[in-house]
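The values are calculated or read from the model by the stated rules, or taken from the named source; none is laboratory data. What you are looking at is a predicted structure, and each value in this text was computed from that prediction instead of being measured. Positions of Cβ are generated from backbone atoms using ideal geometry, with glycine treated the same way; all protein chains shown enter the neighbour counts. Accessible surface areas use protein heavy atoms only, side chains included; no ligands, DNA or RNA. Shrake-Rupley method; radii C 1.70, N 1.55, O 1.52, S 1.80 Å.
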Amino acid sequence: MSAKKDSPGVCDLSIRIGGEAGQGMNSIGSLLGKAFVRQGLHVFINHDVMSRIRGGHNFTQIRIGDRPVNGPSARVDILVCLDKNTLDLYKDSAEGLVIYDDGKVQGDAPAGKRFLPLPMEKIAEEAGGSARMANTVASGALAALTGLPLEPLSELLGEVFSGKGDQVVRANRECALRGYERMKDKRESLPACGLPPSDQAGPQRMLFTGSEAMALGALAANVRFYSAYPMSPATAIMEYLATKEKEFGIVVEQAEDEIAAVNMAIGAFFSGARAMTGTSGGGLALMVEGISLAGMTETPLVVVDCQRPAPATGFPTRTEQADLLYVTHCAHGEFPRAVLAPGNAEQAFRLIGKAFYLAEKYQTPVFVLGDQHLNDSSWTTEPFVMDSLFREPQSLISAQALKDMAPYGYARYEITDTGVSPRLLPGTTGQVLYADSDEHTVEGHITESAEIRKAMVEKRLRKLAGMRAEMAGPAIFPGAGAGSYLVCWGSTLGAVDETVRGLRAEGADWGYIHFSELYPLVEEPIPRDIAGKARLVAVENNALGQLCRLLRMETGLDIGTRVLKYDGRSFTPAELRRRLEGLKGAE
C-alpha cells in the first residue's frame, strides 16, 4: 500500500480507478493528473478500455513520481472501485489500499485495514444532487490520501466546469470536499500511501495525450486542412483540431469514409494548403489507392496511422505495433515515402512537424505511426520547442523564377538531379499546370513511352537519397560500449528506457537503441561497433518482429533474439524485466 521507493529520494505511486464505461474514470485521471503536474510532479496516465460506450469493465491508471515516468506500472498502490465488479475482480489480488463504495456492497464487505469504504454515490447525491458526481467524490478522496492539497483540485474543477455554470462548479467542488474530508484522517494513519512534497516549485510542465501532441504539432506546422473518418484511436486528433478551427483558421472535415478523407487531403495539398489525414489500420486499407495517387502526382501528403490490433476490426480499443511493414509498402507501385514513429508526446509533436517538412520538400506521402498506447495515454512534457522542422520548405517556385519562365513553359515533372521538380500551384497566371495519375511526360501529359517511364520512375526514386540524408539515426543509450542492447521503436520507448535504467542501476551492462525515424533508414542504422560486438534483443508490440524484418531486408542485419507482445496491451517495465530474465544467457 505504499508508494515505492526505487532509490533514495525517488517516489513512485500508482493509482487505478476501475468501473463501467461512462462512470468517469478518464475524468478523474485527467483532473488529478493536471493537479499533480501543477504541483511539480511527473505523471503518466494510461487506459484499459473495452469497446463499449456503456458497461463492461474499464480502468484508468495514474502513475505519479518526482522523476519522469513514461509508462504504466504493474503495481497498484491505491485502487478505486466505482462499481462492485471492480472490487470483485481485484480484492483478492490487490496489495495496496482499496477504496470502494460500500453502498454497492451488501453483506460481503471486505475486511482489513487496507479496505476503505466510501459511499461515493450517496455523497454525490447529497452534495451535488446527482450520483454522476461520484467520480468527483473519488477525486477528493484520492487528493486526501496522496497529500495533494484541495486548492489546486478545486481550481481545476472551476476550469473544467466553468462552461456549465456556477451551480455545477459549486456542486462538484462540494463533492470533492466531502470526499477529501472523509479520507484526510486516513492518510495520517496510513502515511506511506502518499507522495512526498515535490522540491520543485511548480515548473511549467504540460500534460498531453499523444493525440493532442500530434494535433498541436500539426497546428505548429501550419496545417490548414484536416480530413478524416472517425476511427479509434485516431478520432481524438480530429476532435482536438475541430476545437481550434476558428482560432487558427483551419478546416476540419469529417468525411463520409476514408477514401473521401485521403482524396480531400490530397486535393487540399495539391492546391497549396498544408493538409493531413488520420486513421487506424482498417481505414488506411481504404486509403491506399489515394496514397498511390499522391505518389504518382508527386503531391505532398501527411498520413497518421494510429495502430491497433488487427486483422479486420481486431481489438478496436487496444494497442499494437503491427503496421510498420504495411506503411513502408502500402499502395501499388514503387515510389518514395517516409515513415516516422514517435515514442512519447514530445516526439509526437516534433515528428508531425518533420512529416510536413519532408512531405512538402520531397513532394511525397509521409506516414506517422502512433498507436492506442501512445495516442490515448497522457504524458508529462516540458514546453515544446519550435525548431527548423516547423518551417515551410521553399518547395514552390520563387516569384523571380516564375518571372523568368517562358509563358506556358512550366514543366511540373521536370527531371532533376534530386528528383524534386519545381512546384507551382494551380491557377498561377501565365502558366498551366498539368497533373495526371497516368504515367506522364515532364509537362504532365499522358504517355506510354518506355523511355519516359523509366526516366520518371528513376526521378521519383532519387528523392529517397535526399530523404535518407535528413533522417535521424536511432537514439542510443548510454552510447556505444554496453554489452547488450534492447532494440525498439515507437511507443515501447517508455518501458524500455525505464527497464534499462533500472538494470544499469543494479550493475547490469544493458543499453537500448530506439528508432523513431524508420524509413528510409539511415545508411548504418545500428553502428558496426555495436552490431558486431554487442548482444541485440528486439522488443516489439507485434508477433513477427517487424522492425527486425525491416532491418534484415534493408541492411542484412538479423536480430534473432526477440521479446514480442501481441495481446493488445503495452509492455510494463516489470513485465519486460521478467521476460529478459527468462532469456537464455540473460544478465
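Points worth noting:
- Where the range 458-587 is the region considered: accessible area per residue in Å², 1.4 Å probe: 41
- Secondary-structure-derived ellipticity at 222 nm for the chain, considering helices only, amounts to -11500 deg cm²/dmol, per-run term -39500 (n - 2.57) for DSSP H runs with n ≥ 4.
- In this label model, K533 and L402 are separated by 5.6 nm, measuring between points 7 Å along each Cα→Cβ vector.
- On a per residue basis, the range 117-273 carries 45 Å² of accessible surface, using protein heavy atoms and a 1.4 Å probe.
- Nearby lysines by direct alpha-carbon distance to K91 (threshold 21 angstrom, same-chain neighbours under 8 apart not counted): K4, K104, K113, K186
- Database remark: amide H of S377 closer than 5 angstrom to the amide H of G210 (H placed geometrically; neighbours at sequence offset of 5 or more, or on other chains; Pro and chain starts carry no H).
- Per residue accessible area in Å² of the range 291-386, where ligands, DNA and RNA are left out and the probe is 1.4 Å: 25
- Packing-based ranking of 351-364, 417-430, 140-153, 560-573 yields 351-364, 140-153, 560-573, 417-430, ordered from highest to lowest mean Cβ neighbour count within 10 Å.
- Mean-position separation - Cα centroids, the range 386-405 and the range 201-253, in angstrom: 26
- Here's how it looks for A255: its modeled amide H is under 5 Å from those of A228, Y229, which are all 5 or more places away or on a different chain.
- Global form of the range 41-93, assessed from the alpha-carbon gyration tensor, a/c cut-off 1.5: oblate
- Reciprocal mean inverse distance between Cα atoms of the chain - Kirkwood radius, Å: 25.7
- Once the Cα atoms are used to define both axes, helix 25-38 deviates from the longest principal axis of the chain by about 90 degrees.
- Within the range 373-529, the proportion of C-alpha pairs whose separation exceeds 27 Å stands at 51%.
- Between helix 450-461 and the chain: long-axis angle, C-alpha atoms, 0 to 90°, nearest 10: 30
- Using a cut-off of 20 Å between Cα atoms, the listed pairs K361/K459; K533/K565; K84/K122 include K533/K565 as exceeding that distance.
- Packing rank of 526-536, 64-74, 505-515, 207-217, where each peptide gets the mean count of other beta carbons within 10 Å, highest leading: 207-217, 64-74, 505-515, 526-536
- Computed log₁₀ I(q)/I(0) - Debye formula, equal Cα scatterers, no solvent, the range 194-291, q 0.14, 0.20, 0.24 Å⁻¹: -0.54, -0.94, -1.28
- The range 517-587, accessible surface, carbon-and-sulfur percent (1.4 angstrom probe): 45
- Simple label model, 7 Å out from Cα along Cβ direction - D92 to E392, nm: 6.3
- Based on Cα atoms of the range 365-434, Rg over Rh with Rh as the Kirkwood radius reads 1.20.
- Descending principal axes extents, the range 228-271, alpha-carbon based, whole Å: 28, 26, 13
- For the range 405-462, the fraction of 1.4 Å probe accessible surface lying on carbon and sulfur atoms is 54 percent.
- Here the mean projected area of the convex hull built on the C-alpha positions of the range 216-349 is 7.8 nm².
- Set of aspartates and glutamates with alpha-carbon distance to K244 below 16 Å, sequence-local pairs under 8 removed: E212, E253
- Net charge of Cβ neighbours under 11 Å - reference A215; Lys, Arg +1; Asp, Glu -1: -1
- Degrees between helix 546-555 axis and first principal axis of the chain (Cα, 0 to 90, nearest 10): 30
- Computed over protein heavy atoms with a 1.4 Å probe, the carbon and sulfur contribution to the accessible area of the range 48-93 reaches 53%.
- Antiparallel bridges, percent of DSSP beta bridges restricted to the chain (to nearest 5): 40
- With Cα atoms as the point set, the range 1-117 shows a radius of gyration and Dmax of 14.5, 44 Å.
- Spin-label pair A74/V251, simplified geometry with 7 Å Cα→Cβ offset, distance in nm: 5.1
- The residue list H42, M553, M133 was ranked by how far each Cα lies along the charge dipole of the chain toward its positive end, using unit charges on Cβ atoms, and H42 comes out on top.
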